[in-house]
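*Asks:* Below you will find the structure I want to go over with you.
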Amino acid sequence: MRAQRLQGLGASVFTEMDNLKLELQAQGKDLINLSIGSPDRAPSLDVRKVLSDAVMDGSQYGYTLTRGTKEFRESCTNWYQQRFGVRLDSETEVLPLMGSQDGLAHIFLALIDPGEMALIPDPGYPIYTAGLVLAGGQKVSLPLLEENNFLPKLDDVDPEVARKTKLMILNYPNNPTAAVASLEFFNQVVKFAQTYDIVVCHDVAYSELAFDGYRPISFLQSEEAKAVGVEFHSLSKTYNFAGARLGFVVGNAEIIEALSELKSNIDYGVFGPVLKAGSYALNTHQPQVEETRATYQKRRDVWIQGCAEAGWKMSIPKGSMFIWAPVPTKQDSLTFAIELAREAGVIVVPGVGFGEHGEGFVRIALVQEEDVLREAVRRVQEFLSRKD
Ligand SMILES: Cc1ncc(COP(=O)(O)O)c(C=O)c1O
C-alpha cells in the first residue's frame with residue numbers, strides 16, 4: 001500500500017532509540033531527554049501578546065498565500081541588513097516558510113530531477129537526505145571530519161562528480177557537530193559552486209545561537225554568493241517559535257521563484273498572526289536573543305565541566321544548541337547511547353544516526369533547564385565511574 005519512496009526515509013537508529021525510550025517510559029524509568037533539538041522555552045510574553053491580539057482579529061483568517069505579507073518580508077530584509085550588512089530585495093529575494101524544514105524538504109523537488117546528484121553533509125541533519133530521496137535524486141556524501149574542523153574538503157570532491165552535481169547543502173553553525181564556518185570557507189564554496197555550476201543551499205537555523213561573543217556569519221556575506229545560492233533561516237531556536245512554524249529563505253531570486261512556485265501548489269502560506277508575531281520578533285527582539293544565548297552558554301558549560309570531571313572530554317562549541325562528544329568508551333555510538341539510556345536514564349543521539357561519519361560520536365541537545373542538566377551530568381558521572 002505504501003509508496004516505494006517512503007522506504008528511503010528515516011534512519012533505523014532513530015527508530016531504535018524512540019522504541020527504547022517508550023520501553024523505558026513504560027517501565028516507569030525517570031528519563032532526561034537530551035535527544036531532540038526542540039527548544040524548551042516559549043517566545044517572550046510581548047511576542048505572544050502580538051500573536052494573541054492577531055489571533056483575535058477577525059481579518060487575519062484569510063489565506064496569506066505563499067509569498068506571505070510584505071510586512072514579514074520587509075522585517076526579514078531589514079533584519080538581514082542590520083545583522084549581516086547584506087541588502088536584499090523584499091519582493092524577489094525572500095520567501096516565508098512554515099519553518100525552515102518546509103524549505104529544506106521542498107527545495108529538492110523544486111530543483112532536482114530524478115537521478116540528479118546533490119552533495120549532502122555526513123553527518124548531517126536528516127531532512128536533507130529525506131528531501132533528496134523524495135525528489136528521486138542521488139546522494140553524494142560530503143564527509144565532515146574532525147581533522148578538518150567538520151568542514152567539507154571541497155578539493156576532495158571528484159571533479160567528475162562535481163560536474164554532475166546540481167545542488168549542495170551546507171549548515172553552519174552545524175547540526176550535529178556544532179562546528180562553525182568562516183568567510184574564507186564560504187568564499188571557497190562560492191568559487192567551487194561557480195566552477196561546477198552548483199546551487200548552494202545554506203541552512204543557518206542556528207545563526208543566533210552562538211557563545212563567548214562569537215557571531216556566525218551569513219553565506220550571503222561572501223561576494224557573489226547570491227549568484228549561486230540561498231540561505232534558510234528559522235525562528236524556531238532564535239525566538240522559541242518551534243511549534244508556531246516560521247522560517248524564511250533569502251538569496252538568489254531564480255531559486256526562490258522556483259521554490260515559491262512549487263510551494264504555491266502545496267500550501268496556502270503561513271497563518272497571518274504567526275507572520276505578525278515573527279515580524280515583531282525580528283524587528284524588536286535582539287536584546288532578548290542575548291538572554292537566550294546566555295541560557296544555552298550556561299547549559300553548555302554545566303555539561304562540559306561536569307563531564308570533564310568524569311574524564312569525558314569534548315570540544316567546547318562556539319554555536320548551535322548541541323554538543324558533539326566523542327564516545328568515551330570503546331563502544332560504538334548506538335551501543336553507548338542504549339547503555340546510557342538504560343543505566344542512567346539519559347537520552348542522547350548516537351552519531352551514526354546522522355550518517356556513517358557520525359560514528360564515534362553522540363549528540364547532546366542542551367534542551368533542559370540547568371538543574372535538570374546538572375542531574376543528567378551527575379548520572380553520567382556515576383555511569384562512567386562504573387565503566388572504569
Ligand atoms: C540544522 C537544522 N535545520 C533546520 C531545522 C528545522 O527548523 P524549523 O523548525 O525552522 O523547521 C532544524 C531543527 O532542529 C535544524 O537542526
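The values are calculated or read from the model by the stated rules, or taken from the named source; none is laboratory data. Treat the numbers as computed from the prediction; the structure is a model and nothing was measured. Here the Cβ positions follow ideal geometry from the backbone for every residue, glycine too, while neighbour counts run over all protein chains shown. SASA here: full protein model, heavy atoms, side chains in, ligands and nucleic acids out. Shrake-Rupley method; radii C 1.70, N 1.55, O 1.52, S 1.80 Å.
*Asks:* Keeping the other protein chains in place, figure out the carbon and sulfur percent of the accessible area of the chain, with a 1.4 Å probe.
*Replies:* On the way: 8570 of 17100 Å².
Carbon and sulfur atoms account for 50 percent of the accessible area of the chain.
*Asks:* Let me ask you something else. Let me check I've understood the local charge: for residue 240, count other residues with C-beta under 15 angstrom from its C-beta, Lys and Arg +1, Asp and Glu -1. What total comes out?
*Replies:* Details: positive: 41, 48, 49, 237, 245, 293, 299; negative: 40, 46, 208, 290, 291, 369.
So the environment of residue 240 carries a net charge of +1.
*Asks:* Please identify every one of the chymotrypsin sites (Phe, Trp or Tyr not before Pro) in region 200-274 that sits in a loop by DSSP and has no more than 16 other beta carbons within 10 Å of its own beta carbon.
*Replies:* Numbers: sites: 206, 211, 214, 219, 232, 239, 241, 248, 268, 271; in loops: 206, 211, 214, 239, 241, 268, 271.
Sites meeting the loop and neighbour criteria: 214, 268.
*Asks:* Could you grab the Rg to Rh ratio for region 63-174? Cα atoms only, Kirkwood for Rh. Provide the component values of the computation, followed by the final result.
*Replies:* On the way: Rg = 16.4 Å, Rh = 15.9 Å.
Reported Rg/Rh (Cα atoms, Kirkwood Rh): 1.03.
*Asks:* Hey, what's region 45-283 come to in accessible area per residue, 1.4 Å probe, Å²?
*Replies:* Roughly 40 Å² per residue, with all protein chains present.
*Asks:* To continue, here is another question. Pick out, in residue order, every one of the trypsin sites (Lys or Arg not before Pro) in region 329-379 that is DSSP loop and has at most 12 other C-beta atoms within 10 Å; say none if there are none.
*Replies:* Working: sites: 330, 342, 363, 374, 378, 379; in loops: 330.
Passing both the DSSP loop test and the Cβ count: 330.
*Asks:* Further question: Quick check on my link table: of 70/263; 191/276; 139/387; 237/387; 70/237; 153/318, which ones sit more than 27 Å apart, alpha carbon to alpha carbon? If you can, show how the numbers build up before the last one.
*Replies:* Details: 70/263 18 Å; 191/276 38 Å; 139/387 39 Å; 237/387 35 Å; 70/237 23 Å; 153/318 21 Å.
Going by Cα-Cα distance, 191/276; 139/387; 237/387 fall outside the 27 Å limit.
*Asks:* Might you report the magnitude of the Cβ-based charge dipole of region 287-388 about its Cα centre, with Lys and Arg at +1 and Asp and Glu at -1, to the nearest 20 debye? Each step should come with its number before you reach the end.
*Replies:* Values: 14 positive and 15 negative charges, 29 e Å.
About 140 debye.
*Asks:* Same structure, new question: Under a point-charge model restricted to the Cβ atoms of Lys and Arg (+1) and Asp and Glu (-1), what is the dipole moment magnitude of region 45-283 relative to its Cα centre, in debye to the nearest 20?
*Replies:* Working: 19 positive and 30 negative charges, 115 e Å.
Around 560 debye, computed over region 45-283.
*Asks:* Could I ask something else about it? Put one equal scatterer on each alpha carbon of the chain, apply the Debye formula with no solvent term, and list log10 I(q)/I(0) at q = 0.09, 0.10 1/Å to two decimals.
*Replies:* Taken in order of the listed q values, log10 I(q)/I(0) reads -0.53, -0.66.
*Asks:* Using +1 at the Cβ of each Lys and Arg and -1 at the Cβ of each Asp and Glu in the chain, identify which of 253, 104, 238 lies farthest towards the dipole's positive end.
*Replies:* 238
*Asks:* Here is a follow-up. Can you check what the net charge comes to around residue 74, using other residues whose Cβ is under 13 Å from the Cβ of residue 74 (Lys, Arg +1; Asp, Glu -1)? Mind showing how you got there, number by number?
*Replies:* Working: positive: 67, 70, 73, 87, 276; negative: 71, 89, 91, 93.
Summing Lys/Arg as +1 and Asp/Glu as -1 gives +1.
*Asks:* Still on this structure, please answer the following. Which net charge results when you count Lys and Arg as +1 and Asp and Glu as -1 among the other residues whose beta-carbon is under 14 Å from that of residue 206? Before the final figure, lay out each step's value.
*Replies:* Working: positive: 83, 215, 237, 293, 300, 318, 363; negative: 203, 208, 231.
Result for the neighbourhood of residue 206: +4.
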